[in-house]
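K.L.:
Dropping a structure here in structure tokens format, bear with me for questions.
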Amino acid sequence: MTSMMRTNTELDLGIIAAPVAKHWDRAEQILVEQFRTPPPWLERLMSDRAIFGGKRLRPLLLLLSGSACGDIREGHLVLAAAIEMIHLATLIHDDLIDGATTRRQMPTVNVEHGPTNSVLLGDWLYAQAFVLAARSQSTAAVDALARSIRSVCDGEIRQHYCQGDFDLSLDDYLAMIEGKTASLCAAACEIGAIMSHATTDQRAAMASFGRHLGVAFQIVDDILDLVGSPERMGKTLGTDLANRRVTAPLIFALSCEPPAIRARVRRMVDAPTVDATGLLSLIEESGALQLSWELAKRHCRLAQAISRQVADEAIAQAFVLLTEFVAQRTY
Ligand code: IPE
Ligand code: IPE
Ligand code: MG
Ligand code: MG
């Protein structure tokens, strides 16, 4: 995890990644190699996006899960690099959709190179990720990867159609984030298990760990979109309210006690233009942020319960630390 060592993420995630640290350099090398080959335009569009920044959460999940179920081999490393490429593709497309200007402390591809290049570069990354994944010679792993991308797209499409739907239920929101975010985390864990020839039960347990962690991760992301530090996060925040996205904090604020605050929130979201500052202070006043943190922590506890099934103590401990990281992250 060379790149991770260069960022401000090293302290927490560096410790969590310790049990799989000896595999990072090779996984990172495979990732970087994908961008060091022609075509020449690729290097210009990518600049250092693949190499710098990013928490490398999905490769970490894949390697931890692989270690929980057996030994790490070249196939794990290839797929760890592939899943980070897929994640990167989703970010590039997502930034275009959200109108974000900063990602991983850098201008987004859309800002620097426009929408056409964003679409095509994202597509290129998806394709190259599968070229790489095929090297693992595991049909089951490639299948899990493809299915997770389908779920990401499904979640993003749902989100698009729910834009401005302030009656969205908490269950619908959870289903949406399970698709757009948790499915890739679940796939990372499941693929780690597949490549370690895990039993069906182990595979399901690992996938479930990743899914709960991913749900918690996105709920926290949605809280931080409102109250996080853009410098610390290294990306554009505030895009959810600006795009009339209904996330956990808003759902809780729309159903909060007392009714007077609830009614004020409703009036604000029904107004023709969003007063983001006013809405944010109402959300804070309503107690919705706290309820959102609690919901995220509930999913972290569900993930933690699964990590108790892991026999290897160091890996089980890393899983627990990961849930704690997600439950209190600021970036
Ligand atoms: C950002 O993911 C997109 C979400 C699912 C919220 P990360 O927060 O893992 O992004 P990087 O990889 O660290 O940049
Ligand atoms: C996007 O969710 C999740 C993806 C599928 C990329 P967000 O839109 O909240 O992610 P950020 O905040 O831009 O990283
Ligand atoms: Mg976004
Ligand atoms: Mg976000």
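K.L.:
With unit charges on the beta carbons (Lys and Arg positive, Asp and Glu negative) and the dipole taken about the Cα centre of segment 171-283, which residue among A175, S229, T273 sits farthest to the positive side?
P.N.:
The residue sitting most towards the positive pole is T273.
K.L.:
Once both labels are modelled 7 Å past Cα along the beta-carbon direction, what's the N243-V119 spacing in nm?
P.N.:
Simple spin-label model gives 1.6 nm for this pair.
K.L.:
Please list, ordered by chain and number, the residues whose modelled amide H lies under 5 Å from the amide H of T102; skip anything fewer than 5 residues away on the same chain.
P.N.:
T108, T236
K.L.:
Over the chain, what is the mean sequence separation of C-alpha contacts under 8 Å (at least six apart), divided by residue count, expressed as relative contact order in percent?
P.N.:
On the way: 506 pairs, mean separation 63.7, N = 331.
After rounding, I find 19 percent.
K.L.:
Along the positive direction of the dipole of the chain (beta-carbon charges: Lys, Arg +1; Asp, Glu -1; about the Cα centre), which of L241, L60, Q105 reaches farthest?
P.N.:
Of the listed residues, the answer is L60.
K.L.:
Hey, another quick one. Using the alpha-carbon atoms, what tilt in degrees (0 to 90, nearest 10) does helix 259-270 show relative to the longest principal axis of the chain?
P.N.:
Once rounded, the angle reads 70 degrees.
K.L.:
Which order do the peptides 290-302, 83-95, 181-193, 240-252 take when ranked by the mean count of other beta-carbon atoms within 10 Å per residue, highest first?
P.N.:
Values: 290-302: 18.7, 83-95: 23.6, 181-193: 29.4, 240-252: 21.2.
Taking the mean over residues of other Cβ atoms within 10 Å, the ranking is 181-193, 83-95, 240-252, 290-302.
K.L.:
While we're here: Let's see if you can work this out: charge +1 on each Lys and Arg Cβ, -1 on each Asp and Glu Cβ, no other charges. What is the dipole magnitude of the chain about its Cα centre, in debye to the nearest 20?
P.N.:
Details: 32 positive and 39 negative charges, 57 e Å.
In debye, rounded to 20, the chain gives about 280.
K.L.:
Using only alpha carbon positions, build the gyration tensor of segment 128-175, then give the equivalent ellipsoid semi-axes as the square roots of 5 times its eigenvalues, largest first, whole angstrom. Mind dumping the intermediate values first?
P.N.:
On the way: eigenvalues 209, 22, 5 Å².
Equivalent ellipsoid of segment 128-175: 32, 10, 5 Å, largest first.
K.L.:
In µm²/s, what is D for the chain at 25 °C and 0.890 mPa s, where D = kT/(6 pi eta Rh) by Stokes-Einstein and Rh is the Kirkwood radius from Cα pairs? Write down the numbers at each step before the final one.
P.N.:
Details: Rh = 20.2 Å.
It comes out at roughly 122 µm²/s.
K.L.:
Using Cβ contacts closer than 10 Å as the measure, can you line up F209, F325 from fewest to most?
P.N.:
Working: F209 30, F325 19.
Listed from fewest to most nearby Cβ atoms, that is F325, F209.
K.L.:
Over the C-alpha atoms of segment 232-318, what are the Rg and the largest Cα-to-Cα span, Dmax, in Å?
P.N.:
17.5, 55
K.L.:
Using a 10 Å cut-off on Cβ atoms, rank the peptides 137-148, 41-52 from the highest mean neighbour count down. If you can, show how the numbers build up before the last one.
P.N.:
Numbers: 137-148: 17.8, 41-52: 16.0.
Put in order of decreasing packing, that is 137-148, 41-52.
K.L.:
Using +1 on the beta carbon of Lys and Arg, -1 on that of Asp and Glu, and nothing else charged, what's the dipole of segment 223-331 about the Cα centre, debye to 20? Please list the in-between numbers first.
P.N.:
Values: 13 positive and 12 negative charges, 50 e Å.
I would put it at about 240 debye.
K.L.:
Quick one: give the max-minus-min coordinate of the C-alpha atoms of segment 258-304 along each principal axis, largest first, in Å.
P.N.:
42, 22, 15
K.L.:
If you don't mind, another one. Can you tell me the 0 to 90 degree angle between the C-alpha axis of helix 21-33 and the longest principal axis of the chain, rounded to 10?
P.N.:
The helix 21-33 is inclined about 90 degrees to the chain.
K.L.:
Rounded to the nearest 10 degrees, what's the angle between the helix 288-307 long axis and the longest principal axis of the chain, both from Cα atoms, 0 to 90?
P.N.:
Compared with the principal axis, the helix lies near 30 degrees.
K.L.:
Per residue of segment 230-237, in order, report the coupling 6.51 cos²θ - 1.76 cosθ + 1.60 (Karplus, θ = phi - 60°) as ³J(HN,Hα) in whole Hz, putting x for Gly and Pro.
P.N.:
x, 5, 5, 6, x, 9, 5, 10
Where a number appears in this text, it was derived from the coordinates with a stated rule and is not lab data. Source: prediction; values computed, not measured. Positions of Cβ are backbone-derived with ideal geometry, glycine not excepted, and every protein chain shown enters the neighbour counts.
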